[in-house]
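Just below is one structure, and these are the notes that go with it.
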Amino acid sequence: MLENWVVTPTCLPLVLRRCHACASGRYRVNGKFRVNANHKLLDAWLLVLCTGCGETAKLTVLERMNVRSVRPELLDRMHDNDLGLAAELLQDPVVRRRNRVALDWDNAWRLDTGGSERPDCEAIDVSVRFAARIPVRPVRLIAEGFGLSRAEVERLIDEGNLVSAVRLSGKLSGDFTFTLKR
């Protein structure tokens, strides 16, 4: 039997970065952009708010770009404060590296298992697909999907009743499959 699970984001993740005003380490994204033009050069930032004091910080998106080299639809989306664009930019490793930030995905995703009844089969093949690059431990996903504890999932892996082509320890953010044998 084959099941399809999907890991989907429920909201934007928190941005991990030290606040200079209150020393908090988390910022929330509200989807607002600031665009500044200086003659033919353009700068654009994604604004984030400190969860501790509300101080605004800027994540650089575009820096000293020629106006003609920026796609008009990208510029329109920034002027419209497009929340979808904010999510796309947070997923971009170049933007994260340039701004020296990481993302905190705790409580910002859910697992959709299809909610179907599981018949008593000898083996269940599960395909897990990620709607966004969310780093999650496969053991946590499997435990949540089957209603087991993480210790039980670890025991199934040790016994060889839970197998996968990918390493199930650590974190994954890409699609994978696994088989649960009863």
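Would you confirm, using the coordinates I've provided, whether Val126 is open to solvent by 30 Å² or more (accessible area, probe 1.4 Å), touching a residue at least 24 places away in the same chain (Cβ under 8 Å), among the β-branched types (Val, Ile, Thr) and over 25 Å from Leu14 (Cβ atoms)? Give the steps one after another, and end with the answer.
Numbers: open to solvent by 30 Å² or more (accessible area, probe 1.4 Å): no; touching a residue at least 24 places away in the same chain (Cβ under 8 Å): yes; among the β-branched types (Val, Ile, Thr): yes; over 25 Å from Leu14 (Cβ atoms): yes.
Considered against the rule, which asks whether it is open to solvent by 30 Å² or more (accessible area, probe 1.4 Å), touching a residue at least 24 places away in the same chain (Cβ under 8 Å), among the β-branched types (Val, Ile, Thr) and over 25 Å from Leu14 (Cβ atoms), Val126 comes out as no.
Of everything in region 1-37, what is of a type in the set (S, T, N, Q) and either touching a Pro at 6+ places or on another chain (Cβ under 6 Å) or open to solvent by 70 Å² or more (accessible area, probe 1.4 Å) (or both)? Give them in sequence order. Walk me through how you get there before you give the answer.
Of all residues in region 1-37, those of a type in the set (S, T, N, Q) come to 4, 8, 10, 24, 30, 36.
Within region 1-37, Asn4, Thr10 meet the criteria.
Pro93 is checked against (1) surrounded by 15 or more Cβ atoms within 10 Å (Cβ to Cβ); (2) without any contact (Cβ under 8 Å) to a residue 24 or more places away in the chain; (3) not aromatic (Phe, Trp, Tyr) and fails just one. What number does that condition carry?
Against the list (1) surrounded by 15 or more Cβ atoms within 10 Å (Cβ to Cβ); (2) without any contact (Cβ under 8 Å) to a residue 24 or more places away in the chain; (3) not aromatic (Phe, Trp, Tyr), Pro93 comes up short only on (1).
Hey, can you tell me all the residues within region 139-180 that are in contact (Cβ under 8 Å) with a residue 24 or more places away in the chain and in a loop (DSSP other than H, G, I, E, B)? Show your work before the answer.
Step one: of region 139-180, the residues in contact (Cβ under 8 Å) with a residue 24 or more places away in the chain are 139, 141-142, 144-146, 156, 164, 166, 168-180.
Hits for region 139-180 are Val166, Leu168, Ser169, Gly170, Lys171, Ser173, Gly174, Asp175.
Given the options Arg140, Arg150, Arg110, Arg129, name the one that is more than 19 Å from Asn4 (Cβ to Cβ) and among the charged types (D, E, K, R).
On the way: Arg140 fails: more than 19 Å from Asn4 (Cβ to Cβ); Arg110 fails: more than 19 Å from Asn4 (Cβ to Cβ); Arg129 fails: more than 19 Å from Asn4 (Cβ to Cβ).
None of the others qualify; the one that does is Arg150.
Any idea which of Arg64, Arg110, Arg98 is open to solvent by 20 Å² or more (accessible area, probe 1.4 Å), of a type in the set (D, E, K, R) and part of a helix (DSSP H, G or I)? Before you say what the answer is, go through the steps one by one.
Details: Arg64 fails: part of a helix (DSSP H, G or I); Arg110 fails: part of a helix (DSSP H, G or I).
It is Arg98.
Taking region 129-138, which residues are in contact (Cβ under 8 Å) with a residue 60 or more places away in the chain and not basic (Lys, Arg)?
Residues satisfying the conditions are Phe130, Ala131, Ala132, Ile134, Val136.
Give me a count of the residues in region 38-56 that are open to solvent by 20 Å² or more (accessible area, probe 1.4 Å) and within 14 Å of Leu85 (Cα to Cα).
Final tally of qualifying residues: 2.
Looking at region 132-182 only, could you name the residues that are closer than 21 Å to Pro13 by Cβ, open to solvent by 60 Å² or more (accessible area, probe 1.4 Å) and out of contact with any Phe, Trp or Tyr (no Cβ under 8 Å at 6 or more places or on another chain)?
Arg133, Arg137, Arg140, Glu144, Lys171
The values are calculated or read from the model by the stated rules, or taken from the named source; none is laboratory data. What you see is a predicted model, and the numbers here were worked out from it, not measured in a lab. Methodologically, a virtual Cβ is constructed for each residue, glycine included, from the backbone with ideal geometry; neighbour enumeration extends over all protein chains shown. Ligands, DNA and RNA are excluded from the accessible area calculation, which covers all protein heavy atoms including side chains. Shrake-Rupley method; radii C 1.70, N 1.55, O 1.52, S 1.80 Å.
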